[in-house]
1. Tell me, which strands (runs of 3 or more DSSP E) wholly within the stretch 1-103 include 3 or more residues that are more than 26 Å from Val113 (Cα to Cα)?
2. If you check every pair at least six apart or on different chains, which have Cβ atoms under 6 Å apart with a residue in the stretch 1-24 that is open to solvent by 90 Å² or more (accessible area, probe 1.4 Å) first and a residue that is outside any strand (DSSP E or B) and at pLDDT below 95 second?
3. Kindly indicate whether any position in the stretch 88-97 is closer than 19 Å to Val12 by Cα and among the polar types (S, T, N, Q).
4. Can you report the number of residues in the stretch 59-86 which are touching a strand residue (DSSP E or B) at 6+ places or on another chain (Cβ under 8 Å) and open to solvent by 80 Å² or more (accessible area, probe 1.4 Å)?
5. Mind telling me which of the residues Thr52, Thr28, Thr109 ends up being closer than 21 Å to Gln3 by Cα, more than 15 Å from the chain's Cα centre (by Cα) and touching a residue at least 12 places away in the same chain (Cβ under 8 Å)?
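The values are calculated or read from the model by the stated rules, or taken from the named source; none is laboratory data. Predicted model, so just to flag it, every value in this text is computed and none were measured. Here Cβ is always computed from backbone atoms with ideal geometry, including for glycine, and neighbour counts include all displayed protein chains. What goes into the accessible areas is simple: the full protein's heavy atoms, side chains included, and nothing from ligands, DNA or RNA. Shrake-Rupley method; radii C 1.70, N 1.55, O 1.52, S 1.80 Å.
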Amino acid sequence: QVQLVESGGDLVQPGGSLRLSCAASGSTYALNVMGWFRQAPGKERELVATLTRTLVTNYAHSVKGRFIISRDNAKNTVYLQMNSLNPDDTAVYYCYARESLSDYWGQGTQVTVSS
């Protein structure tokens, strides 16, 4: 029904910035929430940021003030601007979308923060 494709993951130095993109395709008209989760090795998947259809945002405490989630509604695309990156941000980042009855996930994109 809905497909999500992430891009933008890379190797970046501490203090650097990176922007992730997630393009949604298929039956996207009923999507209420889009956002990002991440999973580091040996840890559970955790919420990073979400953005609702009414533009309400939700951020993990660890990224508040550093990351910004935004969207281009015409393109069904969400972005995650990541600033002041540190090694604790190293993880696979997954795009997420939700409608009333279903959740959708992208395949993940690797972000590595290391000097």
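1. Numbers: elements: 2-7, 18-26, 33-39, 46-52, 57-59, 67-72, 77-82, 91-98.
Correct list: 18-26.
2. Qualifying pairs under 6 Å: Gln1/Ser27; Gln13/Ser115.
3. Within the stretch 88-97, the first condition is being closer than 19 Å to Val12 by Cα, and the residues that meet it are 88-94.
From what is left, the residues that are among the polar types (S, T, N, Q) are 90.
Yes, because at least one residue in the stretch 88-97 is closer than 19 Å to Val12 by Cα and among the polar types (S, T, N, Q).
4. Within the stretch 59-86, the subset touching a strand residue (DSSP E or B) at 6+ places or on another chain (Cβ under 8 Å) is 59-60, 63, 66-72, 75-83, 85-86.
Pick out the ones that are also open to solvent by 80 Å² or more (accessible area, probe 1.4 Å) and you get 68, 71, 75.
Of the residues in the stretch 59-86, 3 are touching a strand residue (DSSP E or B) at 6+ places or on another chain (Cβ under 8 Å) and open to solvent by 80 Å² or more (accessible area, probe 1.4 Å).
5. So the residue among Thr52, Thr28, Thr109 that is closer than 21 Å to Gln3 by Cα, more than 15 Å from the chain's Cα centre (by Cα) and touching a residue at least 12 places away in the same chain (Cβ under 8 Å) is Thr28.
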